[in-house]
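Asks: Okay, here's the structure, questions in a sec.
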Amino acid sequence: MTKIVLNDLDMNYYDNENQGKATLVFIHGLGENLESWSYQIEEFKNDYRVIALDVRGHGLSSDGTKNISIEQMGLDILALLDHLDIYAAHFIGLSMGGMICQELTKKHQSRMLSQTLANTAAFPTDAINHPLNQIIDQVKNTPIATMAEYITKSCLPTDTNKGLYSHIFKMFKNNRQIPYVTATAATFSIDFRDILVDIRIPTLIIVGDLDIVTPVWAAKYLHENIKNSKLVIINGAGHLTKLEKPVLFNEALAEFLQSLN
């Protein structure tokens with residue numbers, strides 16, 4: 001992994017430097033980090049140039065001085081690609097990462113060869129029962145370890161093995177509370193329903209059939225409103241399909257990418 005200063009941000013990222021190959025950019029979800037893509041990095045590193053990064057306020061990247069927003073995190077990623085002299089890439093985002101992909105389609109589709117929207121939504125899926133101010137108050141006033149346990153239980157099915165559960169819990173527990181609160185506010189403030197019709201790039205949508213965070217109906221909404229999209233439902237998986245069912249996730253992504261050749 002490498003650190004680089006981009007404007008106000010110290011960004012931590014991975015680059016296999018596989019020159020001459022098409023580029024995949026992996027964007028993690030809220031509270032995660034680039035290491036959550038380890039199965040995908042290992043699977044695709046020989047055939048693609050693979051970029052993964054810790055977004056602003058997460059992992060080993062700094063918080064920066066600019067606001068932690070979905071738009072700013074997208075601009076940070078484009079700044080990294082500019083530094084690496086990469087104009088266009090395939091973007092793969094899970095949850096908040098998928099929201100960053102949708103944000104990028106507003107003005108930067110020319111830089112997106114395709115997008116994969118995994119376990120994500122176009123708008124908050126439970127805004128009536130859990131309004132934004134209630135969510136922010138909960139995150140602000142709850143110790144990060146307690147939040148980590150709640151998030152882990154929400155993301156994973158009840159029969160998840162203890163090793164994976166422990167791994168996910170530790171990842172969420174390592175978050176810094178202030179940037180996590182800000183990123184949470186950004187994530188639960190999005191609404192991309194009006195822009196989906198303007199998305200022209202090939203789009204793969206992945207969801208776990210047991211996902212209660214961004215349910216199957218939210219994935220179907222994306223599929224129904226994005227032209228040229230493909231929907232894959234992974235059985236037996238919750239919100240973190242890339243970690244829970246990495247073989248099936250990788251197969252779906254590989255098939256999609258190969259169909260674009």
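The values are calculated or read from the model by the stated rules, or taken from the named source; none is laboratory data. Just so we're clear, the structure is a prediction, and the values are computed from it rather than from any experiment. A quick note on method: Cβ atoms are made from the backbone with ideal geometry, for glycine too, and the neighbour counts reach across all protein chains shown.
Asks: Could you list all residues from the range 49-67 that are in contact (Cβ under 8 Å) with a residue 60 or more places away in the chain and either in contact with a Phe, Trp or Tyr (Cβ under 9 Å, 6 or more places away or on another chain) or among the hydroxyl-bearing types (Ser, Thr, Tyr) (or both)?
Replies: GLY57, HIS58
Asks: Looking only at the range 188-207, how many residues end up being crowded, with 21+ Cβ neighbours inside 10 Å and either in a helix (DSSP H, G or I) or polar (S, T, N, Q) (or both)?
Replies: Final tally of qualifying residues: 1.
Asks: Considering every residue within the range 165-186, establish whether at least one is more than 28 Å from SER61 (Cα to Cα) and not acidic (Asp, Glu). So that I can check it myself, show each step before the final result.
Replies: Quick first cut of the range 165-186, residues more than 28 Å from SER61 (Cα to Cα) only: none.
No, there is no match, as no residue in the range 165-186 is more than 28 Å from SER61 (Cα to Cα) and not acidic (Asp, Glu).
Asks: If you don't mind, another one. Considering only the range 224-256, state which residues are assigned to a loop (DSSP other than H, G, I, E, B) and β-branched (Val, Ile, Thr).
Replies: The initial filter retains those residues of the range 224-256 that are assigned to a loop (DSSP other than H, G, I, E, B), namely 226-228, 235-240, 245.
Correct list: ILE226 only.
Asks: Could you check THR214 against (1) in contact (Cβ under 8 Å) with a residue 40 or more places away in the chain; (2) hydroxyl-bearing (Ser, Thr, Tyr); (3) in contact with a helix residue (DSSP H, G or I) (Cβ under 7 Å, 6 or more places away or on another chain) and say which number it fails?
Replies: Condition not satisfied by THR214: (3).
Asks: Right, here's the next one. So, THR23, is that one touching a residue at least 24 places away in the same chain (Cβ under 8 Å) and touching a His at 6+ places or on another chain (Cβ under 9 Å) or not? Steps first, please.
Replies: Values: touching a residue at least 24 places away in the same chain (Cβ under 8 Å): yes; touching a His at 6+ places or on another chain (Cβ under 9 Å): yes.
The answer is yes for THR23.
Asks: Filter the range 178-194 down to residues that are of a type outside the set (Val, Ile, Thr) and more than 16 Å from THR65 (Cα to Cα) and give me whichever is nearest to the chain's Cα centre (by Cα).
Replies: From the range 178-194, those of a type outside the set (Val, Ile, Thr) are 179-180, 183, 185-186, 188-189, 191-194; that's our starting set.
Next, from what is left, pick out any that are more than 16 Å from THR65 (Cα to Cα): 185, 188-189, 191-194.
On the way: ALA185: 16, PHE188: 14, SER189: 16, ASP191: 16, PHE192: 15, ARG193: 18, ASP194: 21 Å.
Step by step, filter the range 178-194, then rank; the result is PHE188.
Asks: With respect to MET11, is the statement that it is within 15 Å of GLN115 (Cβ to Cβ), aliphatic (A, V, I, L, M) and touching a Leu at 6+ places or on another chain (Cβ under 7 Å) true?
Replies: On the way: within 15 Å of GLN115 (Cβ to Cβ): no; aliphatic (A, V, I, L, M): yes; touching a Leu at 6+ places or on another chain (Cβ under 7 Å): yes.
When the stated conditions are applied, MET11 does not pass them.
Asks: Take the residues in the range 227-261 that are among the aliphatic types (A, V, I, L, M) and closer than 21 Å to LYS153 by Cβ; name whichever of them is nearest to the chain's Cα centre (by Cα). Outline the logic, then answer.
Replies: As a first pass, look at the range 227-261 and keep what is among the aliphatic types (A, V, I, L, M): 231-234, 237, 240, 243, 247-248, 252-254, 257, 260.
Add one more test, that the residue is closer than 21 Å to LYS153 by Cβ, and what stays is 234, 237, 240, 243.
Numbers: ILE234: 17, ALA237: 16, LEU240: 10, LEU243: 13 Å.
Top of the filtered list is LEU240.
Asks: Any residue in the range 222-251 that is at positive phi sitting within a Cβ distance under 8 Å of a residue that is among the hydroxyl-bearing types (Ser, Thr, Tyr)? List the pairs, counting only those 6 or more apart or interchain.
Replies: Going by the 8 Å Cβ cut-off, the qualifying pairs are ASN228/THR203.
Asks: State yes or no: is SER36 closer than 21 Å to HIS239 by Cα and at pLDDT 95 or above?
Replies: Numbers: closer than 21 Å to HIS239 by Cα: yes; at pLDDT 95 or above: yes.
Criteria met by SER36.
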